[in-house]
Amino acid sequence: MKKRRLTASENGEAPAHYAEVESTIFSPVHSIVAHLAVSRYDDGTPRTPGTLLIRTLGNSWQVTAKEPDVGAQLVVVAPCLDDALAALALALESDDTPWQPDPWAKGVKRPGGKKSA
C-alpha cells in the first residue's frame with residue numbers, strides 16, 4: 001500500500017478531502033486525520049475514506065483503522081490511548097504496515113461489482 005499523504009487539487013479536480021483536516025488536537029497524528037478524510041489516492045484515483053474504532057480491551061486501548069477499498073484493517077493495542085494513537089499514526093505512515101483482512105468487510109460489494117473474499 002502506498003504511503004498516505006494529502007495531494008493538492010490540480011486542474012479543477014475534486015478536492016483530495018471534503019472535511020476540514022486542520023486540527024489542533026490531532027496535529028501530532030495527522031496521518032490518522034488523513035486516513036479518515038482523504039478521498040483520493042496519490043495517483044488521483046477515488047478513495048473511500050477510512051474509519052477508526054476506539055475502544056477499551058480490558059486494561060488497554062484498542063484502536064482499529066479500516067480501509068474499505070481493500071477490505072483491510074489495522075489493529076493497535078497499547079496501555080494508554082495516547083500511545084495507541086501514536087502507534088497507529090506511525091503505522092499509517094509506513095509502506096510496510098501489516099494490514100489484515102477485515103472480517104466485517106466480507107460480502108460487502110466493492111467497486112467494479114466484485115465482492116471481497
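Every read-out reported here was derived from the displayed coordinates using simple, explicitly stated rules and does not represent laboratory data. Computed from a predicted structure; not experimentally measured. Because the Cβ atoms are built from the backbone with ideal geometry, glycine has one as well, and the counts that use them run over all protein chains shown.
When Trp99, Trp61, Trp104 are sorted by how many other C-beta atoms sit within 10 angstrom of their C-beta, beginning with the fewest, the order is Trp104, Trp99, Trp61.
Derived scalar couplings between HN and Hα for region 80-90 equal 10, 4, 4, 5, 5, 5, 5, 5, 5, 4, 5 Hz in order, rounded to whole Hz, by the Karplus curve 6.51 cos²θ - 1.76 cosθ + 1.60 (θ = phi - 60°), x for Gly and Pro.
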